[in-house]
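Peer 1: This is the structure I have questions about; it appears just below.
The values are calculated or read from the model by the stated rules, or taken from the named source; none is laboratory data. Computed from a prediction, not measured in an experiment: that's the story for all the values here. Neighbour counts run over all protein chains shown; Cβ positions are idealised from the backbone, glycine included.
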Amino acid sequence: MERKRIGIVIFDEVEVLDFCGPFEVFSVTRLDEERRRDEPSPFEVMLVAEFNRTVAATGGMKVVPDFTFQNCPALDILVVPGGWGTRREMKNNAMLSFVVSRAAQVETLASVCTGSLILGNAGLLDGLRATTHWRSLDLMRELFPKVTVDSESHVVDQGRIVTSAGISAGIDMALHVVARYCGETVARSTSKHMEYPYPESNARRVNLTA
């Protein structure tokens, strides 16, 4: 298959696993496990930020983006992670403009955790089912009445737009996207390489009633 270019948005106070989990999945995917060390991933993964400077993720991890909103090349897939920084970024016009413009161009737009709040504030989830971190489900219902908030699913696939539950759910979302583009066999091989259990069920892993 032709390599797909994936952009993962990062910003100050982005949740580390929200963007590192999908980055790992996409970067270690191989179409032929027997040639894992000889062939690249079918996905080219890059980090994109508003400014060309170091980003301070949750917990203090320092990350350097590959591109800015201004010079980011064409993408096939855009991933918007979450974290405390989304409360600011969902009102950041530069972020919203970038996501809206790229949403019209990419094949797949995905969010992890509270990254869905950015998509929601951009109007991209209106009329769709979507999910977010369990702590933010009520906030999502309050802010976006046109969105059907799904509290039961780990990953919510609405065609071009895919949202996922909190933090580690980004790994499941990424495996879901790998299966979409490369087939379930490749997705399962990727999961096995990571020693991560392949999501046999899409049921939410956190018991919200406990």
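Peer 1: So for the stretch 35-55 (the condition being without any contact (Cβ under 8 Å) to a residue 12 or more places away in the chain and either within 19 Å of GLY120 (Cβ to Cβ) or in contact with an Asp or Glu (Cβ under 8 Å, 6 or more places away or on another chain) (or both)), does at least one residue qualify?
Peer 2: Yes: one or more hits.
Peer 1: Taking the stretch 16-48, which residues are under 18 Å from the mean Cα position of the chain (by Cα) and over 15 Å from ILE6 (Cβ atoms)?
Peer 2: VAL16, LEU17
Peer 1: Next question, about the same structure. I'm trying to understand the selection: among the residues of the stretch 22-58, which are touching a helix residue (DSSP H, G or I) at 6+ places or on another chain (Cβ under 9 Å), outside any loop (DSSP other than H, G, I, E, B) and modelled with pLDDT under 95?
Peer 2: Correct list: GLU33 only.
Peer 1: Does at least one position in the stretch 169-188 carry a residue that is exposed (fewer than 13 other Cβ atoms within 10 Å of the Cβ) and among the basic types (Lys, Arg)?
Peer 2: No, because not a single residue in the stretch 169-188 is exposed (fewer than 13 other Cβ atoms within 10 Å of the Cβ) and among the basic types (Lys, Arg).
Peer 1: Within the stretch 59-91, track down each residue that is assigned to a loop (DSSP other than H, G, I, E, B) and in contact (Cβ under 8 Å) with a residue 60 or more places away in the chain.
Peer 2: Correct list: CYS72, PRO73, ALA74, LEU75, ASP76, PRO81, GLY82, GLY83, TRP84, GLY85.
Peer 1: Another question, then. Those residues that are closer than 18 Å to LEU31 by Cα, more than 17 Å from the chain's Cα centre (by Cα) and without any contact (Cβ under 8 Å) to a residue 12 or more places away in the chain, I need them from the stretch 137-188; list them, please.
Peer 2: GLY183, GLU184, THR185, ARG188
Peer 1: Also, quick follow-up: From the list PHE26, PHE43, PHE51, pick out the single residue that is under 24 Å from HIS133 (Cα atoms) and surrounded by 13 or more Cβ atoms within 10 Å (Cβ to Cβ).
Peer 2: PHE26
Peer 1: Take the residues of the stretch 78-109 that are among the aliphatic types (A, V, I, L, M) and more than 25 Å from LEU175 (Cβ to Cβ): which is surrounded by the most Cβ atoms within 10 Å (Cβ to Cβ)?
Peer 2: That would be MET95.
Peer 1: Identify, please: which residue in the stretch 189-200 is over 18 Å from ILE77 (Cβ atoms) and within 19 Å of the chain's Cα centre (by Cα) and is, among those, surrounded by the most Cβ atoms within 10 Å (Cβ to Cβ)? Give the steps one after another, and end with the answer.
Peer 2: Quick first cut of the stretch 189-200, residues over 18 Å from ILE77 (Cβ atoms) only: 189, 191-200.
Pick out the ones that are also within 19 Å of the chain's Cα centre (by Cα) and you get 191, 194, 196-199.
Numbers: SER191: 22, MET194: 16, TYR196: 16, PRO197: 10, TYR198: 15, PRO199: 19.
Step by step, filter the stretch 189-200, then rank; the result is SER191.
Peer 1: So which residues in the stretch 16-47 are touching a Pro at 6+ places or on another chain (Cβ under 6 Å) and more than 22 Å from SER189 (Cβ to Cβ), if there are any at all?
Peer 2: Selection gives ASP18, PHE19, LEU47.
Peer 1: Which members of the stretch 104-121 meet the condition of being more than 23 Å from VAL16 (Cα to Cα) and not β-branched (Val, Ile, Thr)?
Peer 2: ALA104, GLN105, GLU107
Peer 1: What helices (runs of 4 or more DSSP H), lying completely within the stretch 101-210, carry at least 2 residues that are among the acidic types (Asp, Glu)?
Peer 2: In the stretch 101-210, 137-143 are the helices (runs of 4 or more DSSP H) which contain 2 or more residues that are among the acidic types (Asp, Glu).
Peer 1: I'd like the residue in the stretch 1-23 that is in contact with a strand residue (DSSP E or B) (Cβ under 6 Å, 6 or more places away or on another chain) and over 17 Å from THR68 (Cβ atoms) and, out of all such residues, is surrounded by the fewest Cβ atoms within 10 Å (Cβ to Cβ).
Peer 2: First, the residues of the stretch 1-23 that are in contact with a strand residue (DSSP E or B) (Cβ under 6 Å, 6 or more places away or on another chain): 3-10, 12, 19, 22-23.
Now drop any that are not over 17 Å from THR68 (Cβ atoms), which leaves 3-4, 22-23.
Values: ARG3: 11, LYS4: 20, PRO22: 28, PHE23: 22.
It comes out as ARG3.
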